[in-house]
1. Could you check segment 36-54 and list, in sequence order, the residues that are within 21 Å of SER121 (Cα to Cα) and in a strand (DSSP E or B)?
2. Go through the residues of segment 87-98 one by one and say whether even a single one is in a strand (DSSP E or B), of a type in the set (Phe, Trp, Tyr) and modelled with pLDDT of 95 or more.
3. Would you check which residues across segment 29-54 are within 13 Å of the chain's Cα centre (by Cα) and either farther than 17 Å from CYS83 by Cα or among the aromatic types (Phe, Trp, Tyr) (or both) and list them?
4. Out of segment 99-146, which residues are part of a helix (DSSP H, G or I), over 22 Å from GLY30 (Cβ atoms) and either in contact with a strand residue (DSSP E or B) (Cβ under 7 Å, 6 or more places away or on another chain) or among the hydroxyl-bearing types (Ser, Thr, Tyr) (or both)?
5. Considering only segment 54-103, state which residues are of a type in the set (A, V, I, L, M, F, W, C), surrounded by 14 or more Cβ atoms within 10 Å (Cβ to Cβ) and more than 18 Å from SER40 (Cα to Cα).
6. Within segment 24-53, take every residue that is loosely packed, with under 13 Cβ neighbours inside 10 Å and polar (S, T, N, Q) and give me the one that is farthest from TRP90 (Cα to Cα).
7. Of these, LEU73, LEU57, which one is more than 13 Å from the chain's Cα centre (by Cα), under 27 Å from THR143 (Cα atoms), of a type in the set (A, V, I, L, M) and assigned to a helix (DSSP H, G or I)?
8. Taking the residues in segment 14-25 that are within 15 Å of the chain's Cα centre (by Cα) and modelled with pLDDT of 75 or more as candidates, determine which candidate is farthest from MET55 (Cα to Cα).
Amino acid sequence: MRYRTNDAVIDIPDDWHDQTLHIFSSEQPGKAGYTIVITSEQLDRVADGAGYRDMALQRLPKELPGFSLVKELATVIMSTLPCYVLEYTWNSPNGVMHHFQALFATKQSQRLLKGYSITMSIPEDLFHPDLELLFARTIRSYTFDQ
């Protein structure tokens, strides 16, 4: 499905369910499954997407018990926009969670930078390698509304 936010469009798998305005789930509410969460925030202390990634890497270990970075890679989306993908695990109260998180930023004006995060959350017992490909296809589908 093509999902439209106030300033962007993204392809989400057709069989996923919109649980709120920016959360998508592979299962019906109340059942364990995968989720994709799309957030954005104004950035006032970083200059670019790499700074946004650095900010996340400082924050995540403080907020997520047992945080462990599995891998990190830099890629490009929308032909020219740098995007930083983190793969990590952490110990939630319900068990180990596996995450893929894409971070990128765009200038809204000369002084204003907006950061975007697309995070796929997977309970460790449901994790399989094909989900990384699904996540990659999902972030590559992200475009801004013209």
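1. Selection gives ILE36, VAL37, ILE38, THR39, SER40, GLU41.
2. yes
3. Matches in segment 29-54: TYR34, THR35, TYR52.
4. Within segment 99-146, GLU132, PHE135, THR138, ILE139, ARG140 qualify.
5. Scanning segment 54-103 gives LEU64, PHE67, TRP90, VAL96, MET97.
6. By that ranking, first place goes to GLN42.
7. Among LEU73, LEU57, only LEU57 is more than 13 Å from the chain's Cα centre (by Cα), under 27 Å from THR143 (Cα atoms), of a type in the set (A, V, I, L, M) and assigned to a helix (DSSP H, G or I).
8. It comes out as SER25.
The values are calculated or read from the model by the stated rules, or taken from the named source; none is laboratory data. Given the structure is predicted, the values throughout are model-derived calculations rather than measurements. Quick reminder, even Gly has a Cβ in these numbers, built from the backbone with ideal geometry, and neighbours come from all protein chains shown.
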